[in-house]
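Q: Have a look at this one before I ask anything.
The values are calculated or read from the model by the stated rules, or taken from the named source; none is laboratory data. Small disclaimer: the values here were computed from a predicted structure and weren't measured. For neighbour counting, all protein chains shown are included, and Cβ atoms are generated from backbone atoms with ideal geometry for every residue, glycine included. Keep in mind that these areas ignore ligands, DNA and RNA; they rest on the heavy atoms of the full protein, side chains included. Shrake-Rupley method; radii C 1.70, N 1.55, O 1.52, S 1.80 Å.
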Amino acid sequence: MRATVIHAPHDIRVEEVPDPAIRQPTDAVVRVLRACICGSDLWAYRGESARQPGQRIGHEFLGVVEETGAGVDGFTVGDLVVAPFVWSDGTCAYCAEGLTTSCPEGGFWGSVGSDGGQGEAVRVPYADGTLVKLPAAAASDDRLLTALLALSDVLGTGHHAALGAGVTKGSTVAVVGDGAVGLCGVLAAKRLGAERIIALGRHSARTDIARRFGATDVVAERGEAALAAVRELTRGEGAHSVIEAVGTEQSMRTALDIVRDGGAIGYVGVPHGSASGVDLGVMFDRNIALRGGVAPVRTYIPELLPDVLDGTIDPSPVFDLSIGLDEVPAGYRAMDGRTALKVLITP
């Protein structure tokens, strides 16, 4: 089969690799219908996150079950399924608590020795604990299929950030970051009942989506100017909840500056290239809570799925460029150059 591999920074290729096969009774093989490029994939692409030459890449996909191991009970050949970006066994103490990303038997797609999502097929370990079945009819609905793909990562990650930030009905929320995760954070905050949602971003194509998703205000400034703008919108107090969806020292400092005393920051931006930007003294003095981390998306999919299916939420607009598998290297260049927000791949 063909799959995306990374050989060195800025060297992404689509190559012939061995077909996935059942190795353990709990495995399944899924033929990929939709995949995508994540902003976090760019850290490997830019050389800021180490990868072995020839390692697979990509961690978001949905598709059709082609084969199951003898120990798989919940799925049969032909089922349409979505996979969260981490596989998990579904039986350990962490999985029972909903923290599937800490499963001792779990792992990330594209890690050494595993298939990546940006290919024609994927071997899925612990299929019963990992995959979630989707309605078969969705396979013939392109828009819905694209929306459902967001369940594999960005929608659940935005939801995780909103929960970490303590978003409640009637609250004021600020979102730092106008990438796909930040935009899904806007969508999640709206779903949870936030009354005012302030999106921080400078790119009109992205802030237009933020408004479509429920943002009531847009702040295009950065640094001290952004702080002043948010304070002006919130009677000088700041936001009850702040979603941090970038992962840089500057973005975390901005989050701390614009959160209200007694408020909370939900952070899901993958930390990279800098110190944390967290001043514990400031947090202590102002009673600021900090919660977040890697989103246990598998736990959230059953809750979010019905709202995607009935159209209550539609994350599909975050995918603004659609390509075939052979065009994946160009898709990386587009996202790296910020000419695309999030690239959809149709193998």
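Q: Apply the a/c threshold of 1.5 to the C-alpha gyration tensor of segment 202-345 and tell me whether it is rounded, prolate or oblate.
A: Judged from the Cα gyration tensor, segment 202-345 comes out prolate (a/c at least 1.5, a/b above b/c).
Q: Nearest 500 deg cm²/dmol is fine: what mean residue ellipticity at 222 nm does the chain get from its DSSP H runs of n ≥ 4 alone, each adding -39,500 (n - 2.57), divided by its residue count?
A: Using -39500 (n - 2.57) per qualifying helix, the result is -8500 deg cm²/dmol.
Q: Which of the trypsin sites (Lys or Arg not before Pro) found in segment 1-99 are in a DSSP loop and have at most 11 neighbouring Cβ atoms, other than their own, within 10 Å?
A: Of the trypsin sites (Lys or Arg not before Pro), the ones in loops of segment 1-99 whose Cβ has at most 11 other Cβ atoms within 10 Å are 23.
Q: Charges on Cβ only, +1 for Lys and Arg, -1 for Asp and Glu, centred on the Cα centroid of the chain; of 328, 131, 5, which one is farthest towards the dipole's positive end?
A: So the residue we want is 328.
Q: Run the simple label-point estimate for residue 220 and residue 31 please: 7 Å along Cα→C-beta, distance reported in nm.
A: Computed distance between label sites residue 220 and residue 31 equals 4.7 nm.
Q: I've got another one for you. Taking the chain as the reference, fit the longest principal axis to its C-alpha atoms, fit the long axis of helix 180-191 to the helix C-alpha atoms, and give the angle between the two in degrees, 0 to 90, nearest 10.
A: Between the helix axis and the principal axis of the chain, the angle is about 70 degrees.
Q: Using a cut-off of 13 Å between alpha-carbon atoms, which aspartates and glutamates can reach residue 342, once sequence neighbours fewer than 8 places away in the same chain are excluded?
A: Straight-distance partners of residue 342: 41, 60, 153, 178, 320.
Q: Return the FRET efficiency for the residue pair residue 112, residue 346: r is the Cβ-Cβ distance, R0 is 22 Å, and the value is rounded to the nearest 0.05.
A: So, using R0 = 22 Å, E works out to roughly 0.25.
Q: Measure nothing fancy, just the Cα-based angle from helix 297-309's long axis to the longest principal axis of the chain, in degrees from 0 to 90, nearest 10.
A: Value to nearest ten degrees: 90.
Q: Whole number in Å², please: accessible area per residue of segment 47-144, 1.4 Å probe, ligands, DNA and RNA not counted.
A: For segment 47-144, the solvent-accessible area averages 42 Å² per residue.
Q: To the nearest 20 Debye, how big is the dipole of the chain about its Cα centre, given +1 on the beta carbon of each Lys and Arg and -1 on that of each Asp and Glu?
A: Result for the chain is approximately 700 debye, rounded to the nearest 20.
Q: Restricting things to alpha carbons, tell me how big segment 28-181 is in terms of Rg and Dmax, in Å.
A: Calculated on Cα positions, Rg and Dmax stand at 16.2, 50 Å.
Q: What does the accessible area of residue 202 come to, in Å² to the nearest 10, when a probe of 1.4 Å is used?
A: 140 Å²
Q: Determine which lysines satisfy two conditions relative to residue 169: a Cα distance under 24 Å, and not lying fewer than 8 residues away in the same chain.
A: Straight-line reach from residue 169, under 24 Å: 190.
Q: Something else now. Per residue, what volume in Å³ does the convex hull of the Cα atoms of segment 110-261 enclose?
A: For segment 110-261, the hull spanned by Cα atoms encloses 146 Å³ per residue.
Q: Under 10 Å, Cα contacts only: if you run a Gaussian network model on the chain, which one of 100, 254, 91 comes out with the highest mean-square fluctuation?
A: 91
Q: Express the relative contact order of segment 280-347 as a whole percentage, based on alpha carbon pairs under 8 Å and six or more residues apart in sequence.
A: It comes to 27 percent, rounded to a whole number.
Q: Additional query: Tell me the carbon and sulfur percent of the accessible area for the chain, rounded to whole percent, probe radius 1.4 Å.
A: Roughly 50 percent of what the probe reaches on the chain is carbon or sulfur.
Q: Separate question: State to the nearest 20 debye the size of the charge dipole of segment 186-271 about its Cα centre, where the only charges are +1 on K and R beta carbons and -1 on D and E beta carbons.
A: So the magnitude is around 340 debye.
Q: When a/c reaches 1.5 or more, the comparison of a/b and b/c decides; with that in mind, is segment 26-118 rounded, prolate or oblate per its Cα gyration tensor?
A: oblate
Q: Starting from the 7 Å offset along Cα-to-Cβ, what nm value, one decimal, do you get for the label separation of residue 203 and residue 168?
A: With each label placed 7 Å out from Cα toward Cβ, I get 3.5 nm.
Q: Please return the longest range in the chain lying between exposed loop sites, taking GluC sites (Glu not before Pro), DSSP loop only, at most 16 other beta-carbon atoms within 10 Å, and leaving the sites out.
A: Looking at the chain, 238-347 is the longest stretch - no exposed GluC sites (Glu not before Pro) with at most 16 other Cβ atoms within 10 Å.
Q: Over the chain, what is the mean sequence separation of C-alpha contacts under 8 Å (at least six apart), divided by residue count, expressed as relative contact order in percent?
A: For the chain, the relative contact order is 18 percent.
Q: Does the chain classify as rounded, prolate or oblate by the C-alpha gyration tensor (a ≥ b ≥ c root eigenvalues; a/c under 1.5 gives rounded; else a/b over b/c gives prolate, otherwise oblate)?
A: It is prolate, given that a/c is not under 1.5 and a/b is the larger ratio.
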